[in-house]
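Take a look at the structure set out below.
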Amino acid sequence: DAGVIQSPRHEVTEMGQEVTLRCKPISGHNSLFWYRQTMMRGLELLIYFNNNVPIDDSGMPEDRFSAKMPNASFSTLKIQPSEPRDSAVYFCASSLNFAGGPDTQYFGPGTRLTVL
Amino acid sequence: EDQVTQSPEALRLQEGESSSLNCSYTVSGLRGLFWYRQDPGKGPEFLFTLYSAGEEKEKERLKATLTKKESFLHITAPKPEDSATYLCAVPLGGATNKLIFGTGTLLAVQP
């Protein structure tokens, strides 16, 4: 079975440009998570969806970040405008949410974003 | 405040030299603890879930244990291919699916 798929794997852009990261969760999973990983702060949850609905976006750093999940098999994380401090590796993870949890999250390979 | 702390930050072992990694946590009402392995340039790979104090799980040279305040990942007779960053994570209190991750232990096993 295919795991979590993310694209692009690497993105280099200039400050002020719009960046869109994409994620396809594991088929049948109903929860999706966006994380950011940096050396300084480690792995941080940005937002998570359950059944395509955003449940908690308290980790989204500011209004420049937005995330959508239009259907069960696709999600995007958008940064507009991008800034050098957004440079990081962004991971998408998915899980099958049972009532009572906790659920095991399975991670994609990540997108390495560099903002010049 | 909910927190996960891992130690040591880095560990260098000789092949065959057994050791343990520590993950301590302060979360009310622990609902589980996860261990992941992360190789450079890759996403975290799930290893184990532990649900209650006293529980143990094994996979090849790895054994994870859980107490009321911490978890250990024991590595027996490690090989160079065990070199990776090992992350632990716990769910926040309540019904949320949010995980708090530790900063990881970078393990290097030298032949």
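Looking across the range B:80-111, the residues that are modelled with pLDDT of 95 or more and of a type in the set (D, E, K, R) come down to B:81, B:82. Counting only strands (runs of 3 or more DSSP E) that sit wholly inside chain B, those with at least 1 residues that are of a type in the set (Asp, Glu), out of contact with any strand residue (DSSP E or B) (no Cβ under 6 Å at 6 or more places or on another chain) and more than 29 Å from residue A:58 (Cα to Cα) are B:56-59.
Would you kindly identify the strands (runs of 3 or more DSSP E) lying entirely within the range A:1-72 that contain at least 2 residues that are within 12 Å of chain B (Cβ to nearest Cβ)?
On the way: elements: A:5-7, A:10-13, A:19-24, A:31-38, A:42-50, A:53-56, A:65-71.
The qualifying strands (runs of 3 or more DSSP E) are A:5-7, A:31-38, A:42-50, A:53-56.
Residue count for the range A:66-116 satisfying the condition of being of a type in the set (A, V, I, L, M, F, W, C) and either at pLDDT below 95 or out of contact with any strand residue (DSSP E or B) (no Cβ under 8 Å at 6 or more places or on another chain) (or both): 4.
Mind checking which residues of the range A:82-94 are more than 7 Å from every other protein chain (Cβ to nearest Cβ) and either under 15 Å from the mean Cα position of the chain (by Cα) or surrounded by 15 or more Cβ atoms within 10 Å (Cβ to Cβ) (or both)? Explain how you work it out, then say what you get.
Within the range A:82-94, the subset more than 7 Å from every other protein chain (Cβ to nearest Cβ) is A:82-90, A:92-94.
Correct list: A:82, A:86, A:87, A:88, A:89, A:90, A:92, A:93, A:94.
What residue, among those in the range B:27-65 that are β-branched (Val, Ile, Thr) and either over 15 Å from the mean Cα position of the chain (by Cα) or over 28 Å from residue A:90 (Cα atoms) (or both), is modelled with the highest pLDDT?
Initially, the range B:27-65 is screened for residues β-branched (Val, Ile, Thr), giving B:27, B:49, B:65.
Filter once more, keeping what is either over 15 Å from the mean Cα position of the chain (by Cα) or over 28 Å from residue A:90 (Cα atoms) (or both): B:27, B:65.
Values: B:27: 83, B:65: 97.
That would be B:65.
The values are calculated or read from the model by the stated rules, or taken from the named source; none is laboratory data. It should be emphasised that the depicted structure is a prediction, and the values quoted were computed from it without experimental measurement. We place every Cβ from the backbone using ideal geometry, glycine too, and count neighbours over all the protein chains shown.
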